[in-house]
Each structure stands twice: as C-alpha cells, then as structure tokens.
C-alpha cells in the first residue's frame, strides 16, 4: 500500500528557500521580589503586532490605580516604586491593543 502511494505521488513539491515566522506570544512575569517594600521589577513580552501597550495597576477591589505606558517592543521590564502606593494587594495587567492579555497579583508590605 505504501509503495502504491509513493508510486502515485506526483512531484509537485516547490523548491527554494522559505522563511518561517513564528508569532511572539505575550508573557508577564511574576514581580520580583513579591511581596516587596521598596521597588519591584516586572518583565514582559509583547506580541509582534502590538501598536500600543501599557501596564495597568489595579486595587484588589477593581479600582484602576495607574496606567504605565510601555514601549511596544518584543521584550521589556518595568520597575514599580512602592512610594506611589499604600500597603496592600494589587493586580497588574499587561494591556496591548486595547485588550487585557495577562494579569498577576503583587503584594506591597511596609
């Protein structure tokens, strides 16, 4: 059966060089350190088609505290300074092209 399939196969396979482009997926790391009391760093990766992006900080009850614009490049990091927020639990979200891609939780403890 295999020999019949091979014998009946036509050689229409194009030849040449091909470029395979893999789309970058979004990622959002857990802030380090967590909990934090001075500064914390968050690493992220944005999809290649990103036009506009920001990191959104939200209180645990859903109130948007701050939107921090980020460059729509593939990889980056952002530092959060604790002086801007009271002690507590917060959510941070990676938002690109108007859509929330990923959300994580961080704890600020003085």
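A search for C-beta distances below 8 Å between a residue of region 65-85 that is under 12 Å from residue 52 (Cα atoms) and any residue that is assigned to a helix (DSSP H, G or I), counting only pairs 6+ apart in sequence or on different chains, returns nothing. Looking across region 59-70, the residues that are within 24 Å of residue 35 (Cβ to Cβ), surrounded by fewer than 17 Cβ atoms within 10 Å (Cβ to Cβ) and touching a strand residue (DSSP E or B) at 6+ places or on another chain (Cβ under 9 Å) come down to 59, 60, 62, 64, 65, 66, 67, 68.
Yes/no per residue for (1) over 19 Å from the mean Cα position of the chain (by Cα); (2) loosely packed, with under 13 Cβ neighbours inside 10 Å; (3) modelled with pLDDT under 95:
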residue: 13; (1), (2), (3): yes, yes, yes
residue: 72; (1), (2), (3): no, no, yes
residue: 82; (1), (2), (3): yes, no, yes
residue: 85; (1), (2), (3): yes, no, yes
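Could you tell me whether residue 44 is closer than 24 Å to residue 102 by Cα and either at pLDDT below 95 or not in a loop (DSSP other than H, G, I, E, B) (or both)? Spelling it out, residue 44 is indeed closer than 24 Å to residue 102 by Cα and either at pLDDT below 95 or not in a loop (DSSP other than H, G, I, E, B) (or both).
State all residues of region 20-40 that are part of a loop (DSSP other than H, G, I, E, B) and modelled with pLDDT of 60 or more; if no residue qualifies, say none. Before the answer, list the steps.
In the first step, residues of region 20-40 are kept if they are part of a loop (DSSP other than H, G, I, E, B); the result is 20-26, 29-31, 33-35, 37-38.
Once the filter is applied, which keeps residues that are part of a loop (DSSP other than H, G, I, E, B) and modelled with pLDDT of 60 or more, region 20-40 yields 23, 24, 25, 26, 29, 30, 31, 33, 34, 35, 37, 38.
The values are calculated or read from the model by the stated rules, or taken from the named source; none is laboratory data. Note that the structure is a prediction, hence the values are computed from the model and not measured. Cβ: placed from backbone, ideal geometry, glycine included. Neighbour counts: every protein chain shown.
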